[in-house]
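Step one of this worksheet: look at the structure below.
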Amino acid sequence: MRARTAACRFSHSLGDAIVARQTPLFRLHQELGARMVDFGGWDMPVQYSSQIGEHHAVRRAAGVFDVSHMGVLDLRGQRVRAFLQQLLANDVGKLKVPGKALYSCMLNEQGGVLDDLIVYYLDEYWFRMVVNAGTRAKDLAWIREHARSFAVEVTERTDLAMLAIQGPEARAKAAQLMGPAESSAALALGTFVGYGLGRWFVARTGYTGEDGFEIMMPAVDAVPAWRGLNALGVASCGLGARDTLRLEAGMNLYGNDMDERTHPFESGLGWTVALAPPERNFLGRAALEPIAREGSARKLVGLVLEERGVLRAHQKVLTGAAGGGEITSGTFSPTLERSIALARVPASTGSRVQVEIRGKLLGARVVRPPFVRAGKSLLPPAKDTP
Amino acid sequence: MSKVPPDLRYTKSHEWIRTLTDGTVEIGITDHAQHELGDLVFVEVPEAGRTVKADEPCAVVESVKAASDVYAPIAGEITAGNPKLAAEPEVVNADPYGEGWLMRLKPAAGALAAAGLLSPAEYQQVLDAEGG
């Protein structure tokens with residue numbers, strides 16, 4: 001038996017990290033029997049017992065993920081809002097209430113995606129950004145270079161750990177770790193809002209398509225918090241389950257579904273590009289305007305395999321149009337019990353395609369992601385199943 | 001610690017081979033292999049009647065994470081693919097040396113002796129060297 005395809009995001013080191021970095025939870029992951037892999041230069045748990053079991057725990061109850069490898073950046077200065085309005089493709093001008101978060105791409109001058117991130121408006125002189133692990137060094141250099149003329153100070157919060165607690169029971173369980181005042185404030189948080197509550201920054205965000213929190217905390221709090229969640233019945237979950245959950249939820253993975261060579265309109269992220277107001281001259285705008293006007297030549301779609309098999313990144317998609325397309329992320333969906341994928345295809349692609357798997361052509365249906373939301377299938381019923 | 005039953009023979013690439021009373025052999029992947037792959041979600045086995053050469057890819061096992069080829073450890077003719085695995089690939093995880101067999105094969109003349117199969121002790125050394 002020899003590996004034919006390994007999920008490249010788990011087996012290749014991104015960047016030039018020589019020694020993988022470890023989060024404050026590294027020893028606990030080992031103690032819990034996790035299988036560790038390199039992810040973006042970090043030694044991270046891919047699974048504890050069963051990847052599918054962890055996936056179902058999040059869809060049906062609650063699971064906890066170590067996401068301390070992600071970069072937390074604090075940006076402070078009198079002109080921080082103006083700076084972010086130039087740096088990001090989405091408009092932080094939309095953020096009016098302190099605590100509110102915004103999902104955005106950060107683009108290069110060619111309109112290529114340098115990273116996707118979440119930015120929180122904390123007060124008029126303080127915003128917080130959460131960026132991907134594999135891009136954090138590159139992001140930091142880019143952000144600091146552009147921050148200079150705005151006199152914005154950028155601090156990497158390496159003192160913090162971050163836990164994502166996700167699932168229908170996640171908020172109630174996580175609130176039990178907090179004091180009475182913090183707990184009621186946390187449970188009152190609106191979606192996509194984060195507040196500093198005592199020692200912790202609690203946000204109602206996630207990457208699974210379920211309700212839940214992402215909590216940033218002093219590194220020393222991470223192990224007791226994780227053990228406390230386990231004691232409440234919250235399952236330890238690895239990056240394997242995180243990947244199948246996010247793909248079911250139709251959420252992009254940086255480096256797979258978009259990168260510096262692709263722009264937001266061909267990555268299913270056009271909705272995050274704020275072209276109004278026209279005078280906001282963000283980085284990448286000049287390159288995107290003609291694409292927005294004339295339409296993108298390619299689009300990112302969801303695929304559902306109609307036959308047995310597993311869709312994987314880089315498989316060829318035959319659409320009838322010249323050139324065809326390619327799968328950017330694919331997996332077996334534990335919730336739907338069939339294979340799903342995101343694929344970049346010509347804009348003219350219709351409702352059916354074929355995917356080449358080991359020399360065979362298998363039929364797939366084109367759908368609009370997400371595939372699953374809050375534990376329920378969002379797939380339209382098959383009209384003409386062959 | 002992966003199980004290595006004493007009554008089987010093995011390959012370096014983590015297949016096991018059981019000699020049946022009628023002279024055919026049963027082939028599967030080892031406990032170590034299923035553990036490394038994780039939850040299996042798709043298995044494709046060869047059809048009866050197909051002739052395979054030694055080291056020819058003849059089955060595919062896919063977990064949530066990755067796809068792997070299974071190679072014929074011995075030249076011969078396939079007599080059966082395990083029909084159960086199309087609907088229940090997870091049987092390979094649960095019972096890799098029993099219900100989770102992949103295929104049965106009638107070895108070509110002399111092929112069994114020529115295959116260079118490993119004893120359980122030799123396969124254990126392969127696992128030890130891999131840190132498994």
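Computed values, structure above
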item	result
Which listed residue is without any contact (Cβ under 8 Å) to a residue 24 or more places away in the chain, touching a Leu at 6+ places or on another chain (Cβ under 9 Å) and not β-branched (Val, Ile, Thr), from A:Glu266, A:Glu289	A:Glu289
Some residue of region A:303-312 being part of a loop (DSSP other than H, G, I, E, B) and of a type in the set (A, V, I, L, M)	yes
Spans of strands (runs of 3 or more DSSP E) in region A:184-228 with at least 3 residues surrounded by fewer than 20 Cβ atoms within 10 Å (Cβ to Cβ)	A:194-197
Near pairs, Cβ below 6 angstrom, 6+ apart or cross-chain, from region A:63-76 (without any contact (Cβ under 8 Å) to a residue 24 or more places away in the chain) to any residue that is among the charged types (D, E, K, R) and surrounded by 22 or more Cβ atoms within 10 Å (Cβ to Cβ)	none
Looking only at region A:315-325, and only at residues there that are in a strand (DSSP E or B) and either in contact with a helix residue (DSSP H, G or I) (Cβ under 6 Å, 6 or more places away or on another chain) or surrounded by 18 or more Cβ atoms within 10 Å (Cβ to Cβ) (or both), the one that is nearest to the other protein chains (Cβ to nearest Cβ)	A:Val317
Answer residue from region B:9-22, given it is in contact with a helix residue (DSSP H, G or I) (Cβ under 9 Å, 6 or more places away or on another chain) and either over 17 Å from B:Val126 (Cα atoms) or of a type in the set (Asp, Glu) (or both) and is farthest from the other protein chains (Cβ to nearest Cβ) among those	B:Thr19
Pick from region A:17-40, criterion more than 14 Å from chain B (Cβ to nearest Cβ) and under 29 Å from A:Gly375 (Cβ atoms), ranking: surrounded by the fewest Cβ atoms within 10 Å (Cβ to Cβ)	A:Leu32
Selection status of A:Ala364, more than 17 Å from A:Arg298 (Cα to Cα) and away from every other protein chain (no Cβ under 14 Å)	yes
Residue match in region A:238-254 (condition: of a type outside the set (Gly, Ala, Ser) and over 24 Å from A:Thr23 (Cβ atoms))	yes
Residue tally, condition over 11 Å from the mean Cα position of the chain (by Cα), in a loop (DSSP other than H, G, I, E, B) and either closer than 12 Å to B:Thr79 by Cα or within 14 Å of chain A (Cβ to nearest Cβ) (or both), over region B:23-62	11
Residue match in region A:280-291 (condition: small (Gly, Ala, Ser), over 30 Å from A:Gly179 (Cα atoms) and surrounded by fewer than 22 Cβ atoms within 10 Å (Cβ to Cβ))	yes
Test set (1) of a type in the set (S, T, N, Q); (2) more than 22 Å from the chain's Cα centre (by Cα); (3) within 14 Å of another protein chain (Cβ to nearest Cβ) - A:Ser351 fails condition number	(3)
Odd one out for B:Ala87, checked against (1) of a type outside the set (Val, Ile, Thr); (2) touching a residue at least 12 places away in the same chain (Cβ under 8 Å); (3) on the phi < 0 side of the Ramachandran plot; (4) within 11 Å of another protein chain (Cβ to nearest Cβ)	(2)
From the options A:Glu266, A:Glu248, residue that is crowded, with 23+ Cβ neighbours inside 10 Å and acidic (Asp, Glu)	A:Glu248
Number of the exception - B:Tyr97 against (1) of a type in the set (Phe, Trp, Tyr); (2) under 22 Å from A:Leu311 (Cα atoms); (3) away from chain A (no Cβ under 14 Å)	(2)
Number of the condition not met by B:Ala75 [criteria: (1) small (Gly, Ala, Ser); (2) on the phi > 0 side of the Ramachandran plot; (3) more than 12 Å from chain A (Cβ to nearest Cβ)]	(2)
Test for B:Asp31: is it surrounded by fewer than 17 Cβ atoms within 10 Å (Cβ to Cβ), charged (D, E, K, R) and modelled with pLDDT of 95 or more	no
Complete set of residues in region A:41-69 that are assigned to a strand (DSSP E or B), facing chain B (nearest Cβ under 10 Å) and out of contact with any Phe, Trp or Tyr (no Cβ under 8 Å at 6 or more places or on another chain)	A:Gln47
Single residue of region A:235-256 satisfying the filter (in contact with a strand residue (DSSP E or B) (Cβ under 7 Å, 6 or more places away or on another chain) and either among the aromatic types (Phe, Trp, Tyr) or part of a loop (DSSP other than H, G, I, E, B) (or both)) that is nearest to A:Arg368 (Cα to Cα)	A:Gly250
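The values are calculated or read from the model by the stated rules, or taken from the named source; none is laboratory data. Not measured: the values here are computed from a predicted model. As a convention, Cβ positions derive from the backbone with ideal geometry for all residues, glycine included, and neighbour counts pool all protein chains shown.
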